[in-house]
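Reading through the structure tokens given below for one structure.
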Amino acid sequence: MRTIEASIAVRTAVEIADLHFTYPDGVKALRGVSLSVGAGEKVALLGPNGAGKSTFLMHLNGILKGSGDIEIMGRRLCNHNIRHIRAQGGLVFEHPDDQLFSPTVLDDVAYGPLYMGLPREEVLRRARQALEQVGMVGFEERMPHRLSLGQKKRV
């Protein structure tokens, strides 16, 4: 999330109340989770494998939908607000190979903005700018699975 915007616009960046989620196989991953994160506050989410950390995080941008209330930057997480909320921040997985799937680095970086409905020229401009910011200019046409681990993390 963009800390500067959060601190100016709202006092609470994330507000979660009584979040529950059960996977289709019956595993209850979240049971009444509540959390408040202030604007500009840094939080570490710790726990053993299978504790529900990733499940919890995937609720913050609407990848998973459980029961309970979620507000991000003062906006209730719902179908009406999902695009705005997703534009404010994202989710990066621990292992880069879990999220790199496009044939080229540029395609991979452009994937999210394309599905936000932005014009292709704007998407390519943003993707190239992002690659420049992380020192990956010149890698646009490389295959992501052929990058080093450090390069994958930057992509």
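Some points to look at:
- Label corresponding to volume of the Cα convex hull per residue in Å³ when calculated from the structure given, among [x] 244; [y] 103; [z] 142: [z]
- Förster radius 35 Å - calculated FRET efficiency between Val27 and Arg146 (Cβ-Cβ, nearest 0.05): 0.45
- Peptides 112-118, 139-145, 71-77, 40-46, ordered by how many other C-beta atoms sit within 10 Å of their residues on average, highest first, read 71-77, 139-145, 112-118, 40-46.
- Look at the alpha carbon pairs under 8 Å that are at least 6 residues apart: their mean separation over the length of the chain gives a relative contact order of 19 percent.
- Based on Cα contacts under 8 Å between residues 6+ apart, region 96-154 shows a relative contact order of 49 percent.
Read-outs: derived from the displayed coordinates by stated rules, not from any lab. Computed from a prediction, not measured in an experiment: that's the story for all the values here. As a convention, Cβ positions derive from the backbone with ideal geometry for all residues, glycine included, and neighbour counts pool all protein chains shown.
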